[in-house]
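I have placed the structure first, in the form of structure tokens, so that the comments after it can refer back to it.
The values are calculated or read from the model by the stated rules, or taken from the named source; none is laboratory data. Note that the structure is predicted; figures quoted are calculated from it, not measured. Cβ coordinates were reconstructed from backbone atoms using ideal geometry, including for glycine residues, and neighbour counts include every protein chain displayed. SASA here: full protein model, heavy atoms, side chains in, ligands and nucleic acids out. Shrake-Rupley method; radii C 1.70, N 1.55, O 1.52, S 1.80 Å.
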Amino acid sequence: MREIPKAYQPQDVEDEIYKTWEDSGFFNPDNLPCAQEGKTPEKFVISMPPPNATGILHLGHASMLAYQDLMVRFNRLNQKQALWLPGTDHASIATQTKVEKIIADEGKTKYDLGREKFLERVHEYVEGSRGTIRNQVRKMGSSCDWSRERYTLDEGLSEVVKEVFEMMYKDGLIYRGDRIVNWCPRCESTLADDEVEYEEVQGKFYFFKYQKDFPITIATTRPETKLGDVAVAVNPKDERYKDFVGKAYKINLGNGEHEIKIIADRNVDMEFGTGALGVTPAHSMVDFQMAQENDLPIIKVIGEDGKMTAEAGKEYEGLTALEAREKIVQYFRDNGLMEKEEEVAQNLSVCYRCGATIEPLPSLQWFIDVNKKITKEGNKYFQDKSLKEVMLEVVGGGEEKIKIIPDRFEKTYFAWIENLRDWCISRQLWFGHRVPVWYCEDCGEIILNREEGEVCPKCSSEKIRQDSDTLDTWFSSGMWTFSTLMDKDFAKYKTFEEWMGGSADLKKFHPTSVMETGYDIIFFWVARMVLMTTYATGEIPFENVYLHGMLRDKEGKKMSKSLGNGIDPLEMIEKYGTDALRLSLIVGSAPGNDLKIYEEKIENYRNFVNKLWNVSRYILMSVREVKRVEIEPEAKTLADRWILGEIDWLIANVKYNLENFRFSAAGEDIYEFTWSKLADWYLEIAKVEGNKDEILLYILERLLIVLHPFAPFVTEETWKSFETGELLMVQKWPKIGTFIDKNVSEDFKLMQEVITNIRNIRAEYKIEPAKKVKVVIVSVNKKELIESQLEIIKFLGRAESLGVVNSFEKSEDMAMTVLLGVEIFVSLEGLVDMEKEKQNLLKEKENLEKFVKNLEAKFQNETFVSKAPAKIIEQEKSKLQESVEKLEKIEEKLGFLL
Ligand SMILES: [Zn+2]
Ligand SMILES: [Zn+2]
């Protein structure tokens, strides 16, 4: 007999098992049995959302890894050629900020080091942290193909970035323009619209006039920007201001005299403030638009450093915006220009990265035009279509369209795309893909795709400098699903098109099957992958998008550092094992819904893993010979037919649920089967009936395969006992047998209920487990069935005798219970003092009746009903309900005794 350790110790086996998997080569889909000998298997591909290069693994990563590995392992077992491609994102802002902090501790700034030296430091840092991430991904049991691991700043991926930039530039989709951008003075960079967060703060609404003779009062929350006003906009329908439209006034707020024009704009809200809007084109997106339409000048009074510029005038230059605000407010007050000041709640724009207040500023930036219609040869999507149109077209129901799960997020996606504006892709950072554009300092020529040392093609000047900005990180990660499939020896291709046509990996593995990510990243990333991929490749990036929910603590609160309610996945793995953590991250949440996770939950799944180990151990040590059972075993009894039907049902249902992204439901079914069906019932019955080797091995083998995608380590470890010389991870998903039978399920259920009822009576009268009871069962219809199961009922109900009769007269010292078509009598003679029991019940009844009466009186009392807090009334109501139910039970019990 094979010796199997009593307890499962994940810490002792996990690393070794992972190494065996990795060494087997099966993480690489080219090596899978299904891909051999000229077969053309279906493929299943996931591009792992690349964790930031700064990262250490947090619970969010652990969750995404658990879901993705589950899908990949399930599809691999189903003989698909499964590729899970891992990697990391360089994450410009996050990584640069981190390294800036590190060198600040050394008393230096990035300017002290210079661009080149600074970037060396960043790369050094990234090398270290990528190693940490790799190890943590392995810890989660992730079966990803390390031989294809990529990094967004890889040479190959950078080449793709340059190519696609040039392509878009030539198609007129990338342009450079003066635009109002979201500027973070702290990060010294622009932010995309969706990188701006809003914070509600208490502010002030100031009502003032530029000067005494100015006819219109203006309201603003940011008086310091008024130094840059060039117009006042009113609604053309507004009777109050009609006569002023078209006029111009000279004003001087201390920064020189300039003109304020009164313009009409139908977007001005007549009800808001005074109905008149001071137009500040340099510091508001809306005002910038108005200035363009009305040909107004732009006065930039706040600079990139967040301080007032020279154009704000001598008195203000160099002050922070807040200092300038105080000063100009005082000026309005002192000169009798302030009409009133009101407290107001306002939404302040802040940087999602550092929390600093965002300044909208005009700046020369690179943009992607989302509205320009283009026709692109060989691209089925771009035939006189804009990026925006294609992004709307490829998502939703139907053939060759991207499906978003759960589908309620499709609406969110569409709403966002409808409001999409041109995408600002340049960032004032050093770390990242440098904008692949060069400028000739002599003739101003813009040069793309320049080789080192090349002179200006127009004037042959050598004075050429590269754009100092880098590209938004999402520009490169938007290409993640296909750029990662770029051959490592990409130099052999001369053009992008040649690569597209020549790459075996791209042909085989793109589009990918599933993009699994959090719903919070749908715009940042999912939408941008749709944009970049349809444009560059003419393919959708993925067929399905599965959005998982956010992780919350036991009380449903978001996990955060400040609340201190976070859970460290590595600590949990150390304590409870990886399988327990994976199960607790998957089971207990519907797609897209938030998932609660806390230590007791993980502990509970550790107990489940132990249960599985014990069940397996019992089976493997009790059978005469451990071997695989390929054909359906013979079922001799009702219990055999039932459990074989149950495993068939489990195999089918788990497959169905996993194919339909219902991961939690699939996990719950396996849990239920293992614990409540196999362990609690069948193994117990097997002890009575005996001789079940074939069936037990048949079931165990299948259970291990079905559970493997959820809990890969304990299943692989247990599988070793079969000594097949093969890994569980590359077995075949079991075929469904022939045992599913509704009648068998119903018969077995009746027997379970008979036993459960006998057990309940025993528990109710506190009969010690060692004492056996006499049972009589009355049934006409089910007599034969019950008689065939007598031995099992006796054993599991702990009965010394059991009779099945057509009718029976109940005697005094018997308890009885009724189920559908069956009456069960349990003799309590000699086990329970009937008289004492009766007295106890009568006393309990009397107490309960008093209690109920009092409560009922309370509810008749109008003062109580009208004055008591709703919560108290709720509590009292449920108390009443409980007591009434209890009373009914006692009366029923007394009925049997009297
Ligand atoms: Zn910032
Ligand atoms: Zn030139």
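Tabulated values for the structure
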item: The chain, accessible area per residue, ligands and nucleic acids excluded (1.4 Å, Å²); result: 47
item: Prolate/oblate/rounded label for segment 664-734 (Cα gyration tensor, a/c 1.5); result: oblate
item: Nearby lysines by direct alpha-carbon distance to residue 108 (threshold 19 angstrom, same-chain neighbours under 8 apart not counted); result: 98, 117
item: Low-density loop positions, trypsin sites (Lys or Arg not before Pro), segment 521-559 - DSSP coil, at most 14 other Cβ in 10 Å; result: 554, 557
item: Rg/Rh for segment 298-432, where both radii come from Cα atoms and Rh is the Kirkwood radius; result: 1.15
item: Inter-site label distance for residue 252 and residue 742 at 7 Å from Cα along Cβ, in nm; result: 9.4
item: 16 Å Cα-Cα reach of residue 742 towards aspartates and glutamates, excluding residues that sit fewer than 8 places from it in its own chain; result: 640, 646, 648
item: Debye equation applied to the C-alpha atoms of segment 57-206, log10 I(q)/I(0) at 0.09, 0.18 Å⁻¹; result: -0.49, -1.26
item: Cβ-Cβ FRET estimate between residue 375 and residue 237, R0 fixed at 45 Å, reported to 0.05; result: 0.60
item: Computed lengthening from residue 689 to residue 853, 0.36 nm per intervening residue step minus Cα-Cα distance; result: 53.7 nm
item: Of 83, 537, 308, farthest towards positive along the dipole that unit charges on Lys, Arg, Asp, Glu beta carbons give the chain; result: 83
item: Backbone HN-Hα couplings from phi across segment 860-870 [Karplus 6.51/-1.76/1.60, Hz, Gly and Pro as x]; result: 7, 6, 5, 4, 4, 4, 8, 9, 5, x, 3
item: Coil-residue trypsin sites (Lys or Arg not before Pro) of segment 594-652, DSSP, other Cβ within 10 Å capped at 10; result: 624
item: Amide H partners (placed H, <5 Å) of residue 87, local residues excluded; result: 150
item: Label-to-label distance, nm, for residues given as residue 20 and residue 221 (7 Å Cα→Cβ offset); result: 6.2
item: Carbon and sulfur %, accessible surface of the chain computed with the full protein complex present, 1.4 Å; result: 47
item: Full-stretch length increase - residue 339, residue 809 - with 0.36 nm per residue and alpha-carbon distance subtracted; result: 159.5 nm
item: Distance in nm between pseudo-label sites at residue 7 and residue 272 (7 Å out along the Cβ direction from Cα); result: 6.5
item: Dipole in debye (nearest 20) - the chain, about Cα centre, beta carbon charges: Lys, Arg +1; Asp, Glu -1; result: 1120
item: Hydrodynamic radius (Kirkwood) for segment 703-779, which is based on Cα pairs only, to one decimal in Å; result: 16.9
item: Hull shadow area, averaged, segment 152-257 [alpha-carbon convex hull, nm²]; result: 12.4
item: Members of 139/575; 794/889; 853/889 lying beyond 23 Å, as alpha-carbon distances in this model show; result: 794/889
item: Gyration tensor verdict on segment 569-698 (Cα atoms; rounded if a/c is under 1.5, prolate if a/b is larger than b/c, oblate otherwise); result: prolate
item: Karplus (6.51, -1.76, 1.60) ³J(HN,Hα), θ = phi - 60°, over segment 296-312, in Hz, Gly and Pro reported as x; result: 9, x, 10, 10, 8, 9, 10, x, 4, 8, x, 10, 5, 8, 4, 5, 7
item: Rh (Kirkwood; distinct C-alpha pairs) - the chain, Å; result: 33.6
item: Global form of segment 602-679, assessed from the alpha-carbon gyration tensor, a/c cut-off 1.5; result: oblate
item: Across 627/655; 204/307; 204/388; 558/871; 6/687, pairs whose alpha-carbon gap is larger than 31 Å; result: 204/388
item: GluC sites (Glu not before Pro) within segment 498-586: DSSP coil, no more than 10 neighbouring Cβ in 10 Å; result: 555
item: Anchor residue 250: aspartates and glutamates whose Cα lies under 20 Å away (excluding residues fewer than 8 positions away in-chain); result: 213, 224, 229, 259, 287, 295, 311, 315
